[in-house]
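Since the structure comes first, as structure tokens, the remarks are kept for the end.
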Amino acid sequence: MEYVIEMLNIRKEFGNFVANDNITLQLEKGEIHALLGENGAGKSTLMNVLFGLYQPEGGEIRVRGKKTDITDPNVANNLGIGMVHQHFMLVENLTVTENIILGNEPKKRGMLNIKDSAKKVAEISKLYGLDVDPYAKIEDISVGMQQRVEILKTLYRGAEILIFDEPTASLTPQEIEELIGIMRKLITEGKSIILITHKLQEIMDVSDRVTVIRKGKGIGTVITVETNPEKLATLMVGRQVTFKTEKGPSHPTEEILHIENLVVEDYRGIEKVKGLNLSVRKGEIVGIAGIDGNGQSELIEAITGLRKVKSGKIKLNSKDITGKHPREITESGLGHIPQDRHKHGLVLDFSVGYNAALQSYYQKPYSNKGIMNYKIVAEKANKIIQTYDVRTQGEHEPARALSGGNQQKLIIGREVDRNPDLLIAALPTRGLDVGAIEFIHKKLIEQRDNGKAVLLISYELDEVMNISDRIAVIYDGKIVDTVSPTETTEQQLGLLMAGQEKEEFVGAATNDVVLKEGDDRDVK
Amino acid sequence: MSNRVINLLVPIISIILGLLVGAVVMLFSGYNPINGYIALWNGVFEDSYAIGETIRQISPYILAGLAVAFAFRTGLFNIGVEGQLIVGWFAAAYVGVTFELPAIIHIPFALLAAAAAGALWGLVPGLLKAKFGVHEVIVTIMMNYIALHSVNALIKTVSGGNYKTDPIKETASLRSEFLANLTDFSTLHYGILVALAMVVVMWFILEKTKTGFELKSVGFNDHASQYAGMNVNKNIVLSMVISGAFAGLGGAMEALGTFGYMATLAGFTGIGFDGIAVALLGANTPLGVIFGASLFGSLKYGAGNMPNAAGIPIEIVSIVIALIIFFVASGYIIRVGLQRMNKKKGAK
Amino acid sequence: ACGADKGKEKGTPSTSGKDKAAFSVAMVTDIGGVDDKSFNQSAWAGVEKYGKKNNLEKADGGYDYLESVGEADYNPNLNKLVRRDFDLVFGIGHMMESSVKEVAEQKPDTKFAIVDAVVESPNVASIMFKEQEGSFLAGVAAARMTKSNKIGFVGGMTLPVIERFEAGFIAGVAAVNPDIKVDIQYTEAFNKAELGKAAANRMYSSGVDIIFHAAGGTGNGVFSEAKERKKADPNAYVWVIGVDSDQYAEGKIDNNNITMTSMLKRVDIAVENVSDLANDDKFPGGKTTTYGIAEDGIALADSHGVIPDDILAEIDDYSKKIAAGEIVVPEFPAKKK
Amino acid sequence: MTFLEVLYFIVPMMIAYAAPLIFTAIGGVFSERSGVVNIGLEGLMVMGAFSGILFNLSFASTFGAWTPWVSILVAMIVSGLFSILHAVASISFRADQVVSGVAINMLGIAIALFLVKMIFGKGQTEFIERSIPVLNIPILKDIPFLGPLLFKGIYGSSILAIGVAILAWFIIYKTPFGLRLRAVGEHPMAADTMGINVTKIRYIAVIISGGLAGIGGAVYAQTMAGDFGHATINGQGFMALAAMIFGKWHPIGAMGAALFFGFAQALAISSSGIDFMKNVPAVYLHILPYVLTILALAGFIGRANAPKANGQPYIKGNR
Ligand SMILES: Nc1ncnc2c1ncn2[C@@H]1O[C@H](COP(=O)(O)OP(=O)(O)OP(=O)(O)O)[C@@H](O)[C@H]1O
Ligand SMILES: Nc1ncnc2c1ncn2[C@@H]1O[C@H](COP(=O)(O)OP(=O)(O)OP(=O)(O)O)[C@@H](O)[C@H]1O
Ligand SMILES: [Mg+2]
Ligand SMILES: [Mg+2]
């Protein structure tokens, strides 16, 4: 078989830390090759080496059989290697077209030829079924569309070898479907793909072979059809991983969160939450299922006091918290795992210890009469580090240096530790490996079993189905239905999320159960 | 070499490099660098008088540096230290001239007035930033000019048309016979103690208080801070106010110590702008500011000796100072060099 | 070590031989620097002249100067010169008033002199100028030369010195023709040419044809504006009256010159004079010596033929009357508000 | 003065005052759009003013009427070269860009004054004889109202300034270089992955800023001051910085802001000729331009966002 890319015995060091230690990856022409490993295993590093962003300390790279030094991304581009980075490499205030042509701009008499470029972008996107608006600004478009722009960037340059670094982490299931379709189409065009993802099912679905790395070392390459998710997980983590999180039945008691006719506008003044009703009780996990952009963010921000409520009422612990200051709401018993952990969850330049105190620093015993007690802060931080298995060099390390998974564990530790009556968890496992996901799910269920409530917002149906005791489906700013995860299929849920009335597709039986289980007030 | 040693070596090497390049400049313009540097050294350390004057020069630099550094730690760039210092100078002088009080009350009162005036001058850009999102750099630049013209007018008003205020009352003065005798009649005054006390205050606020935690948090990530229930706008205003208060006290050094009055200013004092360099030389930490101010103040004061003792134009000294700042700022490249050397040694 | 020691080696013998050798003299400039083409430069010329006259060297024991970079340098600079054993130390400029006062009290054995301010200490000689007298003559010249009967005055900052210029100028104009309007504008800056230019522009545009400036670097803008007008129209009737030193060179444009004359303030003469007095043991300590027309401290510069002889004669007439005390020129502008 | 007279006075004055700021502020736009903070504009202007005057004095007889223009060119080159220091420190050596800028300011004035002393033996230069001429633009100047307002007695350099603003707009928004510049200042790593040489773009941008600030300094010196000394450039660089931010890092915006400053200054100076402002105490007039600016910012300009990567050295592979 012909290898388009061979990375042989690659070694990459950061200071004294070896991120890639003797890793070999061979990419066949026309295959989708998955690269699997825990958070921080060194996948992105390896790909950045291939793309010329990092120079390896050892090993060699062969492109189409020829030994090549990829000294910078330009070289990679010229070799037909394109990369869709884990964190998007898009200039937010430029348009789609501008982002795509950047560095390789068509000119007309020395001027940018935006018109023709946009036309070409439109052509390529049509060719591959990628729906984008060439003139839209990046900051105005959805994450899914941004993802497609990233892909277009590589295709525009005629990339034959595409690297996708966790492309599905922040996509909705629908968008993931689309993306998989696109990848398949690219393969039929004769292109080759390296795909990094933590979602084993995706690997099983689309890849031909899988290379597994663990803690910087290559474990080996397996053929997808000869393996299964359990085996892959074991290879990757080095131990058995449970997939279906074990949980007993829920025992909901009194209502903790009550939302009535809530209306919220987004930053542009467009109504995003349009008369929403929702109720969450102690001792249950309510999952909010919905397609991105149906008002989830605005709903969370309204509950947590970060966004003005236009009308309606929010009650927490039977206390009216509508329009209250975030801190007052937090003190009324709310915990919050924000969806953007870098922007909202952590102060990256603060130490792990400071971050652990970010929500409670102003209270006793962390501070007293305006004076901080950093000894107690450190003690608390160390407790969280231990209890939540945050892998860090210590509470003094800046949060920036933690891997995403560990950053997330830190946030969850901080929030759960405050023992809130209601925990809002927004996309709590985005981008995490299966081990970390397992851990976080356990913690959420523990919370419930301790008689607390959890409101889970997630775009991953798996997660919502696995964890929730009830699923509230959000569509166009309203909860359109509340269903039981045990008695609903993913397909049904998907249709609800797409805005279809349940009568149109569900049999009577399911419907009855839903109504029994759900809180009547929630259902319109 | 441990990281610690490298951290210590970087500024030292920067200074040496700056002096070396300065020496080359002197050589090329036909001056003897050794004479030059001896003159510089003597200008700072020759006798108690020189040391006294050097310390006197350092005091306002410390306060200006603290002002810039404090704002920086909260993510704000206060170019308005100059203006805040000017209004602080005036306020201290006014209180020093106008009131009859025992020293034990008079001095603190005058200092407080200076701090308050500086704080007020910082409040305006702080409020505008918090309320309207107006960039603080531009407002503080404008506030500098407003301070200059307003204070000049005020001096005339309070002095009955004179170009300077009366001398402050003895009871408000930071000068002392003791210090004067100690340093052979230098203008050294107790302001240095005020400056050092403020270093401790800044350290305390940032490292020990709840407010400091919030200020730093807002400086690093205002979104996360808001999520954590902090009042970002309040912290922006507070930061500018505290920064302005430090700057105002810098003005009090001039009013109550160095000059003992305030005269119409024909232009900016420059201390506020130099404070930017001082703060950044000191990596925006309280202790670092002492280092930055000492370096800056010594060079500036010692430089005065070079034309006279070595016949070297004062501009050359400014060139040397600027070069040192360049090298300290470019510490990264020195660090890289040190680490390379280190590695090579380790490999052997 | 030679750089620092040099001063000392020379310094020691000169102090011991103080009674034989001439009086050593030094000065501290204000922030303008020793070569500011005005004030400090003129003072230095006086010191130099005195030194050369007495065969002194530019060194310790002879004559020297120190430049001040900032106002906080005044004290240390004065002190340094005292410590280098100069017999007489000049502080140049009113800004140095407090510093001279303070250092003079600390060092009662050294003689000091201050220009443009009064310090009442037995070991300080105060030197003042009657700028108003020269400005009066400038006013006479302007009033006689104007065709539009509109004259301008651009001041730097509103300081007593500058107000003396203003007061004298207005009095001079009024002495010739009380109906002439003098347009007065202070820019509150000595270093903003753009403001001087704007002020001049406004004045010339409103019909003013002669502007007297007392505004340092801001005055540069007045010259720029006048020259531009002259360049655009060589027949334009625009003039500037310079200040402190002869600003004829500043007014040159093509083959014309827009400097009508300048009001001279002879700091050099005053400095040399006080040094001589000190050398002759007649140091005017504790006294204020005022230099006006009578003392040759104030004069009008050569007009290079711009002002016709008859007017020059009239100016000379006024000059004599002022010197003789027949005309007393006011020091303060009439209160405006 | 009648209202029209006031206008005829204020508008040309406003433009003349603004021109040096326009050049310099647009220089700042280039630098900061690429992600390099440049508070060294003041020092770069100083170098421009100095070299412009020096060249003008030295070569007036060689170049005749062209002297001021050649001087501007020379100033541009000198300041452009000088700005390389800032570029090396803040781009290659990852220096704190603000500190480096402060050092540039100190260095600029120190070198210029040192050289003045060496060359002229005194604190400032002679006066130039060939200053930038004022033009009356044929035909246009005869347009009623607008003619005397805009086309009579205008400096050639002011026209050049407006031209540069438009050209800068064109370069930044309409050319590949401009696109790269904006990308580099916003998200340098993204630009890097697209094969753009971040370092090169930033160097070019900083050098452009140096060149334009040099022009600004030379224009100021050759229209307003007429000589060079320690106080020739005093704060204009900071005003230009303010204009850049006021104009939201946009060349046309920066020009508008500079013109606004000019307007406020002209208004303050001309107030003694305007009836209702005649009796306003002088100090209010002197602070008027600055107060007006603050009011304008608070009232209707509001929030402005700096380029995202502004002030951060680009380190490959850093997240
Ligand atoms: N720029 C860097 N500097 C220092 N160390 C780094 C850097 N980038 C990565 N590392 C180290 O390399 C290791 C591998 O990081 P990498 O980003 O490749 O992980 P990954 O496998 O992509 O993880 P994830 O699944 O979370 O994306 C990390 O554990 C980290 O310690
Ligand atoms: N600038 C840096 N300096 C040192 N280490 C770094 C740096 N950036 C990243 N790392 C290291 O990289 C490792 C992995 O980081 P990375 O961001 O890839 O994690 P992640 O789990 O993929 O996070 P995310 O889910 O946000 O992508 C961390 O262990 C961290 O130590
Ligand atoms: Mg990764
Ligand atoms: Mg990662």
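The values are calculated or read from the model by the stated rules, or taken from the named source; none is laboratory data. Just so it is clear, the model here is predicted, and its values are computed rather than measured. With ideal geometry, Cβ positions are generated from the backbone for all residues, glycine too; neighbour counts draw on all protein chains shown. Only protein heavy atoms, including side chains, enter the accessible area calculation; ligands, DNA and RNA are left aside. Shrake-Rupley method; radii C 1.70, N 1.55, O 1.52, S 1.80 Å.
Below, the figures for the structure above:
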| quantity | calculated |
| --- | --- |
| Selection status of A:V49, within 16 Å of ligand 4 (Cβ to nearest atom), under 30 Å from A:K199 (Cβ atoms) and either surrounded by 15 or more Cβ atoms within 10 Å (Cβ to Cβ) or not assigned by TED's automatic domain parsing to the domain that holds A:Q201 (or both) | yes |
| B:D166 being outside any helix (DSSP H, G or I), at pLDDT 90 or above and open to solvent by 20 Å² or more (accessible area, probe 1.4 Å) | yes |
| Checklist (1) open to solvent by less than 50 Å² (accessible area, probe 1.4 Å); (2) over 30 Å from B:D166 (Cα atoms); (3) assigned to a helix (DSSP H, G or I) applied to B:Y49, failing item | (2) |
| Test: residue in the stretch A:342-358 that is part of a strand (DSSP E or B) and under 26 Å from the mean Cα position of the chain (by Cα) | yes |
| Qualifying residue in the stretch A:126-133 (condition: at pLDDT 90 or above, in the same structural domain as A:D165 (by TED's automatic domain parsing) and open to solvent by less than 20 Å² (accessible area, probe 1.4 Å)) | no |
| The lone exception for C:E250 - which of (1) open to solvent by 10 Å² or more (accessible area, probe 1.4 Å); (2) touching a residue at least 40 places away in the same chain (Cβ under 8 Å) it fails | (2) |
| Any chance B:L154 is of a type in the set (A, V, I, L, M, F, W, C) and either within 30 Å of C:K107 (Cβ to Cβ) or open to solvent by less than 30 Å² (accessible area, probe 1.4 Å) (or both) | no |
| Top-ranked residue of the stretch A:4-39 - restricted to ones that are within 10 Å of ligand 1 (Cβ to nearest atom) and open to solvent by less than 10 Å² (accessible area, probe 1.4 Å), ranked as nearest to A:G238 (Cα to Cα) | A:G37 |
| Candidate set: the stretch D:127-164, residues that are more than 7 Å from every other protein chain (Cβ to nearest Cβ) and either within 16 Å of D:D227 (Cβ to Cβ) or touching a His at 6+ places or on another chain (Cβ under 8 Å) (or both); chosen: the one surrounded by the fewest Cβ atoms within 10 Å (Cβ to Cβ) | D:R130 |
| Pair list, Cβ under 6 Å, 6 or more apart: the stretch A:339-363 residue more than 7 Å from chain B (Cβ to nearest Cβ), other residue open to solvent by 20 Å² or more (accessible area, probe 1.4 Å) and of a type in the set (V, I, T) | A:V352/A:T392 |
| Some residue of the stretch A:74-87 being without any contact (Cβ under 8 Å) to a residue 12 or more places away in the chain and within 16 Å of ligand 3 (Cβ to nearest atom) | yes |
| Among the residues listed as D:G156, D:G147, the single one being at pLDDT below 80 and of a type in the set (G, A, S) | D:G147 |
| Test for A:R400: is it within 16 Å of ligand 1 (Cβ to nearest atom) and either surrounded by fewer than 19 Cβ atoms within 10 Å (Cβ to Cβ) or not assigned by TED's automatic domain parsing to the domain that holds A:A436 (or both) | yes |
| Number of positions in the stretch D:31-78 that are touching a helix residue (DSSP H, G or I) at 6+ places or on another chain (Cβ under 6 Å), within 14 Å of chain B (Cβ to nearest Cβ) and in a helix (DSSP H, G or I) | 7 |
| Members of the stretch A:15-38 found to be within 14 Å of ligand 3 (Cβ to nearest atom) and within 14 Å of chain D (Cβ to nearest Cβ), listed by number | A:A19, A:N20 |
| Filter result for A:T71 (assigned to a loop (DSSP other than H, G, I, E, B), open to solvent by 40 Å² or more (accessible area, probe 1.4 Å) and more than 13 Å from ligand 3 (Cβ to nearest atom)) | yes |
| Number of the exception - A:K409 against (1) away from ligand 1 (no atom under 16 Å from the Cβ); (2) assigned to a helix (DSSP H, G or I); (3) away from every other protein chain (no Cβ under 14 Å); (4) not aromatic (F, W, Y) | (1) |
| Spans of helices (runs of 4 or more DSSP H) in the stretch C:22-115 with at least 1 residues within 14 Å of chain D (Cβ to nearest Cβ) | C:39-53 |
| Sole exception among (1) within 14 Å of chain D (Cβ to nearest Cβ); (2) in contact (Cβ under 8 Å) with a residue 40 or more places away in the chain; (3) not in a helix (DSSP H, G or I) for B:G260, by number | (1) |
| Sole exception among (1) of a type outside the set (K, R); (2) within 16 Å of ligand 4 (Cβ to nearest atom); (3) at the interface with chain D (Cβ under 9 Å from one of its Cβ atoms) for A:N77, by number | (2) |
| Unique residue being touching a residue at least 60 places away in the same chain (Cβ under 8 Å) and surrounded by 22 or more Cβ atoms within 10 Å (Cβ to Cβ) when the list is B:A103, B:A172 | B:A172 |
| Filter result for B:I38 (in contact (Cβ under 8 Å) with a residue 24 or more places away in the chain and part of a helix (DSSP H, G or I)) | yes |
| Single condition A:R391 does not satisfy, out of (1) within 16 Å of ligand 4 (Cβ to nearest atom); (2) part of a loop (DSSP other than H, G, I, E, B); (3) away from chain B (no Cβ under 13 Å); (4) under 24 Å from B:M230 (Cβ atoms) | (4) |
| Total residues in the stretch D:202-227, condition closer than 30 Å to A:I81 by Cβ and open to solvent by less than 10 Å² (accessible area, probe 1.4 Å) | 2 |
| Within the stretch D:243-281, considering residues that are buried (at least 19 other Cβ atoms within 10 Å of the Cβ) and among the aromatic types (F, W, Y), the one farthest from D:M14 (Cα to Cα) | D:W249 |
